[in-house]
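J.: Before I ask anything, let me first share the structure, which is written out below as structure tokens.
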Amino acid sequence: MKIRSVLVPILAVGALALFYGGPGYAADTSGHGSVYTREALSGGKKALLAERESEEGERGEGGGGGGGENERFSAVESPLYKKECSSCHFLYQAGFLPAHSWTMLLNTSDKHFGEDLALDDKTKTDLLAYLTANSAEKSDTEWSVKIMRSIGSSTPGRITKIPYIESKHRKIRRDVFKRPSIKSFSNCGACHTKGAGGNFEERTVVIPK
């Protein structure tokens, strides 16, 4: 009886250690349209804990998440935004950033990540009107709601630096984004096959080799 009372706690502690401190793992969800390979993923204690917290949030547990949000962004409707902002990079939906971030980006359009966008005043005004009218805090899209929760009162200048966006990609090693087929973390369309239409659901993700 004494041996049993000693062994049970030891085995329990060992199981917890394996779960929280064990080696990384990879989940292959290709049956749902996504391709997450062992090569592309990394794990560990922090990733496991973050994943658990994220999954609880998705279910509305532990004070996170919430019901009723739309799963998808609306497709970009502004011809002007498409014309001015899709030739150099993925056309991000306005709901990825709050209004004050879009305002900051347009007010510094002459220094847009090292480039001068050469936008005239009317173009900037019209772009800002569209982007702020459809910004994250005005959207009930699931991602927009969670983006706003994750940034608090900050003014992110890069979508890829938003905590929620980073957490959604936490399993993928940084070197994967440097593949010639992807080029960078900001190139959403390389993996999100339906992203242009506003669908960023995991089952539509395919990570190219």
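The values are calculated or read from the model by the stated rules, or taken from the named source; none is laboratory data. Remember, predicted model here, so these are calculated numbers, not experimental data. Reconstructed Cβ throughout: ideal geometry from the backbone, glycine too, with neighbour counts over all protein chains shown.
J.: Hey, among Pro180, Pro156, Pro163, Pro208, which residue is surrounded by fewer than 17 Cβ atoms within 10 Å (Cβ to Cβ) and touching a residue at least 24 places away in the same chain (Cβ under 8 Å)?
T.: Working: Pro180 fails: touching a residue at least 24 places away in the same chain (Cβ under 8 Å); Pro156 fails: surrounded by fewer than 17 Cβ atoms within 10 Å (Cβ to Cβ); Pro163 fails: touching a residue at least 24 places away in the same chain (Cβ under 8 Å).
None of the others qualify; the one that does is Pro208.
J.: Could I ask something else about it? Has the stretch 114-121 got at least one residue that is farther than 21 Å from Ser86 by Cβ and either of a type in the set (D, E, K, R) or surrounded by 13 or more Cβ atoms within 10 Å (Cβ to Cβ) (or both)? Walk me through it before giving the result.
T.: The first filter runs over the stretch 114-121 and keeps only residues farther than 21 Å from Ser86 by Cβ, leaving 121.
Checking the rest, the ones that are also either of a type in the set (D, E, K, R) or surrounded by 13 or more Cβ atoms within 10 Å (Cβ to Cβ) (or both) come to 121.
Checking the stretch 114-121: at least one residue is farther than 21 Å from Ser86 by Cβ and either of a type in the set (D, E, K, R) or surrounded by 13 or more Cβ atoms within 10 Å (Cβ to Cβ) (or both).
Here is a yes/no grid of residues against (1) at pLDDT 95 or above; (2) part of a helix (DSSP H, G or I):
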{"site": "Tyr164", "(1), (2)": "yes, yes"}
{"site": "Val176", "(1), (2)": "yes, yes"}
{"site": "Phe185", "(1), (2)": "no, no"}
{"site": "Gly189", "(1), (2)": "no, yes"}
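J.: Which of the residues belonging to the stretch 183-202 are exposed (fewer than 14 other Cβ atoms within 10 Å of the Cβ) and in contact with a Ser or Thr (Cβ under 8 Å, 6 or more places away or on another chain)?
T.: Glu202
J.: Let me spell it out: the conditions are (1) among the hydroxyl-bearing types (Ser, Thr, Tyr); (2) farther than 22 Å from Lys83 by Cα; (3) loosely packed, with under 15 Cβ neighbours inside 10 Å, and Thr141 meets all of them except one. Which number is the exception?
T.: Here Thr141 clears every test but (3).
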